[in-house]
Amino acid sequence: MITIEIDGQSFQLPEDIAAKDDLLKAALAPFVPWIANAQIERQVKDETTVVNVVKRADWKGNTLRVSAVEGRARAVVDALVASREEMNPAVALWLEIQDQANLNDPGVVLALEPRISQAMAQGEKDIAAVHQSLTRLVECAPTAATRIPLGF
């Protein structure tokens, strides 16, 4: 029998299972979710073999090959980089109006009315576009990970 040490706990496994990493991982997988990424070290202590299994950090989330998603990811990044950088027009106009000192004058407010209406209409279009993007993201089919992320 070979002694297995995991997180300060020790137990015995038959030599034919504990002698090879792949067999050991298969035997422990139902009980140790992070075993696929574990570091396995073997040492001989007092004429007995001790296998120390240490949790090792790994990437979380989908681990598809970069080449499989690189084209789509690159297209998304390029679209984001190429998009114009601007503030919601209603917010931009509000910030501009805040700088004006004479907002108590009805003439000034009436003169701003066409710009306010235009900024509100464009702001509502921007909000609708954000909601549409959110809806599309929610409707996207999830992609299963190719392995169990560390910590699950």
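I need the full set of residues from the stretch 125-152 which are charged (D, E, K, R) and either surrounded by fewer than 10 Cβ atoms within 10 Å (Cβ to Cβ) or free of Cβ contacts under 8 Å to residues at least 12 places away in the same chain (or both), in order please.
As a first pass, look at the stretch 125-152 and keep what is charged (D, E, K, R): 125-126, 136, 139, 147.
Correct list: 125, 136, 139.
Among the residues of the stretch 24-39, which ones are free of Cβ contacts under 8 Å to residues at least 24 places away in the same chain and either exposed (fewer than 14 other Cβ atoms within 10 Å of the Cβ) or under 28 Å from the mean Cα position of the chain (by Cα) (or both)?
Going residue by residue through the stretch 24-39, those that are free of Cβ contacts under 8 Å to residues at least 24 places away in the same chain are 25-27, 29-31, 35, 38-39.
Passing the criteria: 25, 26, 29, 30, 31, 35, 38, 39.
Within the stretch 98-150, which residues are in contact with a Pro (Cβ under 8 Å, 6 or more places away or on another chain) and at pLDDT below 75?
Across the stretch 98-150, the qualifying residue is only 148.
Of everything in the stretch 79-131, what is among the hydrophobic types (A, V, I, L, M, F, W, C) and outside any helix (DSSP H, G or I)? Give them in sequence order. Working first, answer last.
If we filter the stretch 79-131 for residues that are among the hydrophobic types (A, V, I, L, M, F, W, C), which is where we start, we get 79-82, 87, 90-95, 97, 101, 103, 108-112, 116, 119-121, 127-130.
87, 101, 103, listed by residue number.
Among all residue pairs at least 6 apart or on different chains, which show Cβ distances below 6 Å where the first residue, located in the stretch 75-97, is under 20 Å from residue 115 (Cα atoms) and the second is part of a helix (DSSP H, G or I) and not polar (S, T, N, Q)?
Partner pairs satisfying both residue conditions: 88/123; 88/126; 89/119; 89/123; 90/119; 90/120; 90/123; 93/119.
Tell me, yes or no, whether the stretch 28-37 has at least one residue that is over 29 Å from residue 120 (Cα atoms) and either modelled with pLDDT of 90 or more or aromatic (Phe, Trp, Tyr) (or both).
Within the stretch 28-37, the first condition is being over 29 Å from residue 120 (Cα atoms), and the residues that meet it are 28-37.
Pick out the ones that are also either modelled with pLDDT of 90 or more or aromatic (Phe, Trp, Tyr) (or both) and you get 31, 34.
Yes, some residue in the stretch 28-37 is over 29 Å from residue 120 (Cα atoms) and either modelled with pLDDT of 90 or more or aromatic (Phe, Trp, Tyr) (or both).
The values are calculated or read from the model by the stated rules, or taken from the named source; none is laboratory data. Quantities reported herein were computed from a predicted structural model and do not represent experimental measurements. Using ideal geometry, Cβ is built from the backbone for each residue, glycine included, and neighbour counts are taken over all protein chains shown.
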